[in-house]
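Values in this text are rule-based calculations from the coordinates and carry no lab data. Just so it is clear, the model here is predicted, and its values are computed rather than measured. Backbone-built Cβ (ideal geometry, glycine too); neighbour counts: all protein chains shown.
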Amino acid sequence: MRRHTTVIETRGPWSLTTSRTFWEGFTPAALASRADEALRTVFVAEADWRAVEAVVTQDGDSTRIEVDGEGDLDAAAEQVARFLALDIDATGWPEVGERDPVIAAAQAELPGLRPCGFHSPYEAAAWAVLSQRIRIVQAAKLRSELTAGFGENGAFPGPEALLAATPELPGRKTEYLHAVAEAALDGLLDATALRSVPPEEAIERVQQVKGLGPFAAELVVIRGANAPDALPTHEGRLDAEVVEQYGEGRSLADISEAWRPFRSWAAVHLRALREARTHEIEGHQRSSRS
């Protein structure tokens with residue numbers, strides 16, 4: 001196994017601690033005790049669908065990305081930077097808070113957070129299929145079983161491996177996962193391509209994949225390609241949080257104009273704080289265990 005290390009200078013605010021905590025699903029209150037740990041993850045690289053192990057550490061404005069694997073490690077390191085939003089010049093992100101006090105409060109609660117996406121649009125699309133019409137904890141169990149049964153070195157299986165597999169899944173999930181795998185191999189879920197066009201066009205493209213509706217397509221573009229300025233319009237919990245924070249009678253479209261060019265980031269901040277306050281998703285997970 002080969003190793004490649006790159007150091008990038010982060011433009012704008014970023015905290016590894018906050019972002020890692022967001023990634024792992026903990027609440028902001030859990031930040032302090034984990035402040036010195038690196039972010040570690042395993043994934044399949046879009047460039048060649050080979051498994052990659054990544055370790056990310058921070059030293060001030062410098063971020064060190066170390067990747068181990070047998071494939072294109074330069075491309076893998078770039079992918080890490082993308083799914084951690086480190087490829088974005090965020091020097092203008094604090095200005096969004098200056099324009100919108102609600103976002104300013106969210107920035108203060110989650111200092112240095114950059115939305116951590118799925119490893120790739122492909123993995124986001126697979127998760128969208130797995131999580132449709134079942135509880136999150138059940139979907140997570142299915143994903144773990146697929147990873148253990150068909151993945152490489154702890155990574156979610158690449159599209160070729162997924163196509164070759166015939167897992168017994170609820171409903172039409174196997175059929176839809178195969179459609180996602182085929183789309184990934186055909187380049188329809190390529191992150192660079194999805195971010196090269198306006199978000200609305202990218203979302204329409206993703207909906208061409210069998211089994212992916214509007215909500216799933218937004219997930220793929222916003223959390224899979226990690227597009228910084230896409231507005232989710234099919235996220236009920238975000239809509240509820242907007243009403244709570246801004247009051248009745250104001251549309252998300254109008255409010256989000258002040259968030260440009262970081263509409264995705266602002267939406268993620270609001271959703272993260274809502275979950276920390278309400279434990280809506282966590283509560284669903286707990287109830288499914290009882």
ask   = In whole angstrom, how far apart do the alpha carbon centroids of the range 35-73 and the range 128-205 sit?
value = 21 Å
query = Under a point-charge model restricted to the Cβ atoms of Lys and Arg (+1) and Asp and Glu (-1), what is the dipole moment magnitude of the chain relative to its Cα centre, in debye to the nearest 20?
reply = 880 debye
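Averaging over every viewing direction, what projected area does the convex hull of the Cα atoms of the range 211-257 cover, in nm²? Could the numbers behind the result be given before it?
Values: hull surface 14.3 nm².
Taking a quarter of the hull surface, the average projection is 3.6 nm².
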request  = With springs connecting C-alpha atoms under 10 Å apart, model the chain as a Gaussian network and identify which of ILE222, ILE134, ILE88 has the largest mean-square fluctuation.
outcome  = ILE134
query = Along the range 162-178, what does the Karplus equation 6.51 cos²θ - 1.76 cosθ + 1.60 (θ = phi - 60°) give for ³J(HN,Hα), rounded to whole Hz, x for Gly and Pro?
reply = 5, 5, 6, 8, 10, x, 8, 10, x, x, 9, 4, 5, 4, 5, 5, 5
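Find, among the GluC sites (Glu not before Pro) in the range 149-222, those assigned to loop by DSSP (not H, G, I, E, B) with at most 11 other beta-carbon atoms within 10 angstrom.
Details: sites: GLU152, GLU160, GLU168, GLU175, GLU182, GLU200, GLU201, GLU204, GLU218; in loops: GLU152, GLU168.
Here the GluC sites (Glu not before Pro) that fit, given the DSSP loop and packing criteria, are GLU168.
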message = Spelling out what I want: for every residue of the range 138-150, take phi, set θ = phi - 60°, compute 6.51 cos²θ - 1.76 cosθ + 1.60 (Karplus), and round to whole Hz; glycine and proline get x.
response = 5, 5, 5, 5, 4, 5, 4, 5, 5, 5, 5, x, 10
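Percent relative contact order of the chain, based on C-alpha pairs within less than 8 angstrom and at least six residues apart?
The value is 19 percent.
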query = Using alpha carbon coordinates only, what is the Rg to Rh ratio of the range 141-290, with Rh defined as the Kirkwood radius?
reply = 1.01
request  = Treating only the Cβ atoms of Lys and Arg (+1) and Asp and Glu (-1) as charged, compute the dipole magnitude of the range 2-91 about its Cα centre; round to the nearest 20 debye.
outcome  = 260 debye
task = Compute from the Cα atoms of the range 2-91 the Rg and the Dmax, the latter being the longest Cα-Cα distance, and quote both in angstrom.
result = 13.1, 38
message = Ignoring solvent entirely, what values of log10 I(q)/I(0) come out of the Debye formula for the range 121-224 at 0.20, 0.25 Å⁻¹ when each Cα is a single scatterer?
response = -0.97, -1.42
query = Hull surface divided by four, with the convex hull built on the Cα atoms of the range 69-111: how many nm²?
reply = 3.8 nm²
key: Packing-based exposure ordering (other Cβ within 10 Å, fewest first) of PHE43, PHE118   = PHE118, PHE43
query = Of the labelled options (1) 75, 37, 31; (2) 61, 37, 35; (3) 50, 42, 42, which one gives Cα extents along the principal axes in Å as computed for this structure?
reply = (3)
key: Highest-first arrangement of 106-112, 145-151, where packing means the average Cβ count within 10 Å   = 106-112, 145-151
request  = Would you please name the trypsin sites (Lys or Arg not before Pro) within the range 96-136 that are DSSP coil residues with at most 14 other C-beta atoms within 10 Å of their C-beta?
outcome  = ARG133
task = Note down the relative contact order for the range 2-91 as a percent, whole number, built from C-alpha pairs under 8 angstrom at least six residues apart.
result = 36 percent
